């Protein structure tokens with residue numbers, strides 16, 4: 001069932017979304033998460049909102065949440081960096097219980113990353129005070145529910161990093 | 001060129017029960033004319049994101065009309081929003097741009113493409129159902145009722161007078177803010 005490259009089946013992620021009644025996914029596809037595209041866009045209970053630039057996602061998600069829709073944001077770590085002012089002025093200032101799913105470009109479990117995008121990702125999250133969890137395989141998918149519960153209990157954004165090891 | 005405060009008064013007189021999302025310099029003036037601050041979502045920081053915030057709400061609440069009051073500098077900072085909105089095409093969204101060609105908040109420096117960029121044409125080619133531009137207040141007044149009744153997304157570019165924003169930093173921080181209004185409105189939609 002699992003994608004050979006990632007050990008993570010998109011249906012495992014969708015199952016977590018359904019458990020948590022997620023209705024909207026605001027997304028700019030990236031190399032780390034494109035394996036989910038077909039499953040997410042073809043599900044009748046999930047509305048995918050595509051954007052042109054990652055910083056749009058958090059503001060759109062804030063509007064959707066305001067209107068009562070349970071929403072998740074999905075961008076690459078490079079897009080997370082791009083979104084800094086929206087994280088500050090919207091997600092953190094409004095205390096949004098928002099799940100940020102982040103494609104972890106450059107992630108390596110073994111060895112040393114050569115990608116500065118990966119090098120700065122966790123430093124970036126630490127500096128904003130955003131808790132995060134790493135998902136690499138189906139057995140980690142339950143952390144999506146956990147991250148959502150933390151976001152809602154503490155009224156703050158929480159990140160899930162979608163790791164994929166490059167050879 | 002249109003006086004910005006007069007334009008806001010006209011918008012206010014036609015808003016009905018719409019949610020209004022003003023940003024940057026328009027936010028300051030909107031607070032002077034709004035009769036329904038409980039239905040305002042003023043975005044002071046996060047320059048450029050008022051349209052994205054308004055889009056999200058319009059998608060979540062399709063029976064609620066959402067009016068975004070943007071600026072040309074703000075729109076340039078998030079120009080892709082036109083394509084994102086055009087793609088989603090919410091029928092309940094009206095996007096108004098106050099186009100004065102300058103960054104009024106920082107001392108009236110010209111924005112890139114000042115008075116050259118055709119924002120109405122950008123919106124139309126991005127997928128808005130209709131797109132309009134006005135240079136005279138009388139023309140805007142005579143059209144606004146019909147425009148607000150149109151199926152959205154509707155884009156309206158207003159060529160407004162250049163006007164320096166001389167607020168102090170403290171005065172700017174005291175303006176209506178999203179942090180105060182967001183939770184109140186969230187309760188409204190939850191009820």
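Points worth noting:
- Hydrodynamic analysis of chain A uses the Kirkwood radius over alpha carbon pairs. Inserted into Stokes-Einstein at 37 °C and 0.692 mPa s, it gives a translational diffusion coefficient of 209 µm²/s.
- Whether region B:82-191 is rounded, prolate or oblate, judged on the alpha carbon gyration tensor where a/c under 1.5 counts as rounded: oblate
- The three principal axes of the Cα atoms in region B:135-191 give end-to-end lengths of 39, 35, 15 Å, sorted in falling order.
- Relative contact order, percent, region A:51-122 [alpha-carbon distance under 8 Å, six or more residues apart]: 31 percent
- Whole-number percent relative contact order across chain A, with pairs defined as alpha carbons under 8 Å at least 6 apart: 26 percent
- The protein assembly as shown - Rg over Rh from alpha carbon coordinates, Kirkwood radius: 0.99
- Taking only the C-alpha atoms of region B:109-162, Rg followed by Dmax gives 12.2, 36 Å.
- Considering every alpha-carbon pair of region B:1-113, the percent of pairs per 5 Å bin, from zero through the bin containing the longest distance, is 2, 12, 24, 25, 20, 12, 4, 1.
- The mean count of C-beta atoms from other chains within 10 Å of the C-beta of residues in A:111-124, rounded to a whole number, is 0.
- Gyration tensor verdict on chain B (Cα atoms; rounded if a/c is under 1.5, prolate if a/b is larger than b/c, oblate otherwise): rounded
- Within the listed set A:22, A:130, A:112, the Gaussian network model of chain A (springs between alpha-carbon atoms below 10 Å) gives the highest mean-square fluctuation for A:112.
- Listed from fewest to most Cβ neighbours within 10 Å, the set B:36, A:109 follows the order A:109, B:36.
- Pairwise centroid distance, computed over Cα atoms, of region A:37-102 with region B:95-163, Å: 27 Å
Each reported figure results from applying straightforward, stated rules to the coordinates on display, with no laboratory input. The shown structure was predicted, so the numbers you read here are calculated from the model rather than taken from an experiment. All Cβ positions, glycine included, derive from the backbone under ideal geometry; neighbour counts span all protein chains shown.
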